[in-house]
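Visitor: Sending over a structure as structure tokens; questions will come in a sec.
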Amino acid sequence: MTQSNGETQPPRGRVRQLRDTITERSLRARNTVQNIRPRDVSAFFRRNAFVILTVIAVIIGIILGFALRPYKMSYSEVKYFSFPGELLMRMLQMLVLPLLVSSLITGMAALDSRASGKMGVRAVVYYTTTTVIAVFIGIIMVLIIHPGRGNRDEFSSKQSIEQVSPADAFLDLIRNMFPPNLVQACTQQFRTQYGKRVVTVKVDVNGTGNVSELSYEEAIPVLGTVNGVNALGLVVFSMGFGLIIGSMKEQGQPLRDFFDCLNEAIMRLVAIIMWYAPVGILFLIAGKIVEMEDLSVMGGQLGMYTVTVIVGLLIHAIVVLPTLYFLVTRKNPFVFIGGLLQALVTALGTSSSSATLPITFKCLEENNGVDKRVTRFVLPVGATINMDGTALYEALAAIFIAQVNEMDLNFGQILTISITATAASIGAAGIPQAGLVTMVIVLTSVGLPTDDITLIIAVDWFLDRLRTTTNVLGDSIGAGIVEHLSRHELAAVDTELGNCVLAENQEKKTPYKLISQNNDDRLPDSETKIGRRRPTGGSAGRSSSAAAAAAALLLRTPRAAPGVCEL
């Protein structure tokens, strides 16, 4: 009996402890609710005004969009109606370029090479891990649900898509990393285009000496440009430039101060634009709903494809990313995500991770308290190369197109799709529907018809918003994880800077040095002659010594004491 009592006692104790904990928390919650006053409610609304207004704008935009669909607005009327949303996109895109450059330069300059190197390795490992997981989820979901099962005749007629060679696309990615003209990189990207060349071949017919000429056309790659910010090239330049400024110590301090002030000024502009964001998001969403095609004509395959993409993105955003954050930081991930709500809603409305970048900075630094040195490094790089939602979408869409064409893919082809989708997502621009461009690379790698991309264009406008939201969430959680892993390096940098500031303050408190008056023969001849013309005597000697001492009190040593670090 004693042994049995001993065995049953610990579970009873744990149950009692759990019950006491639940009771205590419920009493605390009830007391908190009972103590809520109107002043607390108004303070809550003032503190979360941006988020509340943005969510209300999304709801009103959806209702307004479906309410206006029966009126069959023309294309011009839809454009006029969406004009406030277009203004928001222009405002945010106006700030992306200076914010990206200034934040990266100041972030890299604030860290030493060792700390920035470790932070960069952690960020790259996180980007690679989440992208591979996203591709794996997309492949598993499309193979399990199999949305391409059915009749191909339900799709509308196809359009022509420009062919892109995977090798040329990879070379374009490398070219964009090193732009020859930084001014051009602000407005244009490099992209290989294809021209035609007539090739003439002389053929000897049967060795009789009768030579005939055969002509044929061949496609040749021609280096061209397309409009759009070359974010990848600006990121590479800004990172290198920031590291150089950081290594220059006090010589690079004026440039550090300049870019730091530029970054602060841009963030203050963002704070002003955030008040207009709910209005712009309302009209962006309402305009897209009015513009979209009739959902009743959507076939079963396209509908199942949409459901498959949504389920895959939800698994990655709600399960995988929060789990990674919890495993690394041991903190509640949903509290962290709650501070990002306005950035996520903005990404849903604008469908551009680059345009959402200013809002993401604001949410991470002010709501979640992430170190600015981390956000200035991780967010610009992540908005350029970390595209979890795009990678998942491209892998899933490629296998869906293969299913529609009744093509059975082997393991090697599926592996090729996963690798190509991971690499292609790095080169995807942070602009609306950029995934359709890189989709050509994925389809070409396994020999799928690229013209079939038009089969999914009907729903791409909606899915693009969901994958952009997933991209922004992945970048933000990456910033939180990298900050947690780099906390020791950041603390070491803070300690070093604190010691330097303390040493500088001690140097300022040192007494002024007097110039020795013993070696008069070192004075110039002019000074000695002037001194000889003055009246002689004890009073004159004392007055000249006092004047020299008074002048010497105004002089300080121009160099720091040994052992004092320089800022």
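Every number in this text was worked out from the coordinates using simple rules, so none of it is lab data. As the structure is a prediction and not an experimental result, all values here were calculated from the model. Glycine also receives a Cβ, built like all others from the backbone with ideal geometry; neighbour counts cover every protein chain displayed.
Visitor: Hand me the trypsin sites (Lys or Arg not before Pro) from region 300-381 located in a DSSP loop with no more than 13 other Cβ atoms within 10 Å, in residue order please.
Guide: Arg330, Lys331
Visitor: Calculate the tail of P(r) for region 321-405: the fraction of all Cα-Cα distances greater than 22 Å, expressed in %.
Guide: Details: 1256 of 3570 pairs.
Of the Cα pairs, 35 percent sit more than 22 Å apart.
Visitor: Packing-wise, with mean Cβ within 10 Å as the measure, how do 32-38, 317-323, 175-181, 473-479 rank, highest first?
Guide: 473-479, 317-323, 175-181, 32-38
Visitor: Looking at the square roots a ≥ b ≥ c of the eigenvalues of the Cα gyration tensor of region 212-309, which shape do they give, rounded for a/c under 1.5, prolate if a/b is larger than b/c, or oblate?
Guide: Cα axes put region 212-309 in the oblate bin.
Visitor: Pairs of Cα atoms under 8 Å, at least six residues apart: use those to get the relative contact order of region 182-268, whole percent.
Guide: Once normalised by length, the contact order is 30 percent.
Visitor: Counting other Cβ atoms within 10 Å of each Cβ, which trypsin sites (Lys or Arg not before Pro) in region 23-103 have at most 14 and sit in a DSSP loop?
Guide: Working: sites: Arg25, Arg28, Arg30, Arg39, Arg46, Arg47, Lys72, Lys79, Arg90; in loops: Lys72.
When the trypsin sites (Lys or Arg not before Pro) of region 23-103 are filtered for loop state and at most 14 Cβ neighbours within 10 Å, Lys72 remain.
Visitor: What are the equivalent ellipsoid semi-axes of region 66-147, built from the alpha-carbon gyration tensor (square roots of five times its eigenvalues), in whole angstrom, biggest first?
Guide: 40, 29, 6
Visitor: Step through the table entries Lys79/Lys362; Lys288/Lys331; Lys118/Lys372; Lys118/Lys331, compare each Cα-Cα distance with 28 Å, and write down the pairs that go over it.
Guide: On the way: Lys79/Lys362 30 Å; Lys288/Lys331 38 Å; Lys118/Lys372 17 Å; Lys118/Lys331 22 Å.
Pairs exceeding 28 Å: Lys79/Lys362; Lys288/Lys331.
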